[in-house]
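Shown next, in structure tokens, is the structure this report addresses.
The values are calculated or read from the model by the stated rules, or taken from the named source; none is laboratory data. What you see is a predicted model; the values in this text were computed from it and never measured. So basically every Cβ, Gly included, is an ideal-geometry build from the backbone, and we count neighbours across all protein chains shown.
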Amino acid sequence: DVARKGGFQHYMLKEIFEQPDAFANTLSVVKRCNEFIDQIRNAHSVTVVACGTSANASMVFSYLMERVCHIPTRVVLGSEFKYFPTPGTDLVIGVSQSGETADTIAALKLAKNLGAQTLAVTNVLGSSITRVASSVLYTRAGPEISVAATKSFISQVAAFMQITNLLSDHQIEFELAEIRRYLPDVLSLDLSKAVELCTAADTLLYIGRGMFYPVAMEGALKMKEISYIHAEGYAAGELKHGPFALLSPETPVIGMCFPDAVYPVMMSNLKEIKARSAPLIALGRKDDKDLDEVADVCISLPAVSEYGAVVLSSVILQQLAYHTAVALGRDVDMPRNLAKSVTVE
Ligand code: G6P
């Protein structure tokens, strides 16, 4: 077992460290998937069906598709698709690391029966979902043992970024190369101060805007899966519509705030949070003095594009969950009540 973990204490940590390779690998694999990409290119609108972490990665895809490719794209949870399937949607993509999630497969089958064209994105060769879809994209992240998904998420995001890059004639080629360059750097950050705040928390709120909203949801999902601390991912603008009532010194907030178009409004959200005495952990750009001033703990990322910040923050939030769970003595690779893939509807 020790040998299989490659010297790491847990599979999850090993898989976190495999992400620079997984990301690069998926980028090159997708470049060869012309047929798959052409089917998306020809679509008028896209529905993505997925569960759990795969649904969060799919949400990043929907932002990219709308923004970079201008193709209307919605994400529907596999378990909810049957309640509002739209036969008019011409392309349905099932996204599943294992390719065995019953709800996602059922949704894809239903879409097919309704006449939709179906595609699949999966990590596992020959998995059940590949028998439903007319064309398959393999992310090739390598086997993932830990129940909590890490490298499979980063590979899905890599696939979605590369698909949009190719669909829009290499608009984000530079950003993708930059992510590959900087990914190893974020594996050695010292997160101990943030971990200390998290281990003492009753509830954690993760907030972001745009693509950082799904990043926040995935960060919160990782935390609750393996540390058993209640955590919610929220669109930052929604805080005042409810979660503000939860803010207290026992409710740390983790905010993603990078110098992009939403920086001013994110910054004012963070100040509102501080004014309500919640501890604030901020992920932002190195040398951002204003952010340093407002946050209790600042986790600094190198100066990368928004795309880079999406990937690098996701990796940092995985590590935050991991180290918090280890500090609390949790069974990191096999959290209670959870399974790697859920094969019943
Ligand atoms: C389970 C796993 C999650 C995973 C989800 C969807 O809940 O514990 O890590 O995200 O299933 O799995 P899939 O294989 O379809 O991506």
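Scanning the range 83-109 for residues that are of a type outside the set (Gly, Ala, Ser) and either closer than 11 Å to Ser54 by Cβ or within 16 Å of the ligand (Cβ to nearest atom) (or both) yields Val92, Ile93, Val95, Gln97, Glu100, Thr101, Asp103, Thr104, Ile105, Leu108, Lys109. With respect to the conditions (1) at pLDDT below 95; (2) not in a helix (DSSP H, G or I), Met256 falls short on a single one, namely (1). So for the range 132-141 (the condition being within 13 Å of the ligand (Cβ to nearest atom), in a loop (DSSP other than H, G, I, E, B), in contact (Cβ under 8 Å) with a residue 60 or more places away in the chain and under 17 Å from the mean Cα position of the chain (by Cα)), does at least one residue qualify? Yes, the range 132-141 has at least one match.
Suppose we keep only residues that are touching a strand residue (DSSP E or B) at 6+ places or on another chain (Cβ under 6 Å) and under 21 Å from Thr150 (Cβ atoms) within the range 63-82. Which one would you say is farthest from the ligand (Cβ to nearest atom)? Checked the range 63-82; the qualifying residue farthest from the ligand (Cβ to nearest atom) is Val75. Out of Ala201, Ala220, Ala231, one residue alone is surrounded by 15 or more Cβ atoms within 10 Å (Cβ to Cβ), closer than 21 Å to Phe17 by Cα and of a type outside the set (Val, Ile, Thr). It is Ala220.
Please enumerate the residues belonging to the range 201-220 that are touching a Gly at 6+ places or on another chain (Cβ under 7 Å) and either among the hydrophobic types (A, V, I, L, M, F, W, C) or at pLDDT below 95 (or both). If the condition is that a residue be touching a Gly at 6+ places or on another chain (Cβ under 7 Å) and either among the hydrophobic types (A, V, I, L, M, F, W, C) or at pLDDT below 95 (or both), then Ile207, Val215, Ala216, Met217, Ala220 are the ones that fit. For the range 153-169, the criterion of being free of Cβ contacts under 8 Å to residues at least 60 places away in the same chain, outside any strand (DSSP E or B) and closer than 14 Å to Ala57 by Cβ is met by none of the residues.
For the range 1-115, the strands (runs of 3 or more DSSP E) that sit wholly inside it and include 2 or more residues that are of a type in the set (Gly, Ala, Ser) are 91-96. Taken over the range 307-323, the criterion of being surrounded by fewer than 24 Cβ atoms within 10 Å (Cβ to Cβ) and among the hydroxyl-bearing types (Ser, Thr, Tyr) is satisfied by Tyr307 alone.
Name the residue that is nearest to the ligand (Cβ to nearest atom), counting only residues in the range 147-159 that are over 11 Å from the mean Cα position of the chain (by Cα) and buried (at least 24 other Cβ atoms within 10 Å of the Cβ). Here the answer is Ala148.
I'd like to check something: does the range 261-281 contain any residue that is part of a strand (DSSP E or B), free of Cβ contacts under 8 Å to residues at least 40 places away in the same chain and either in contact with a helix residue (DSSP H, G or I) (Cβ under 8 Å, 6 or more places away or on another chain) or farther than 20 Å from Leu320 by Cα (or both)?
Going residue by residue through the range 261-281, those that are part of a strand (DSSP E or B) are 280-281.
If we keep only those that are free of Cβ contacts under 8 Å to residues at least 40 places away in the same chain as well, we get 280.
Adding the requirement that they be either in contact with a helix residue (DSSP H, G or I) (Cβ under 8 Å, 6 or more places away or on another chain) or farther than 20 Å from Leu320 by Cα (or both) leaves 280.
Scanning the range 261-281 turns up at least one residue that is part of a strand (DSSP E or B), free of Cβ contacts under 8 Å to residues at least 40 places away in the same chain and either in contact with a helix residue (DSSP H, G or I) (Cβ under 8 Å, 6 or more places away or on another chain) or farther than 20 Å from Leu320 by Cα (or both).
Any residue in the range 327-337 that is under 26 Å from Phe61 (Cα atoms) and either more than 16 Å from the ligand (Cβ to nearest atom) or surrounded by fewer than 23 Cβ atoms within 10 Å (Cβ to Cβ) (or both)? No, the range 327-337 contains no residue that is under 26 Å from Phe61 (Cα atoms) and either more than 16 Å from the ligand (Cβ to nearest atom) or surrounded by fewer than 23 Cβ atoms within 10 Å (Cβ to Cβ) (or both).
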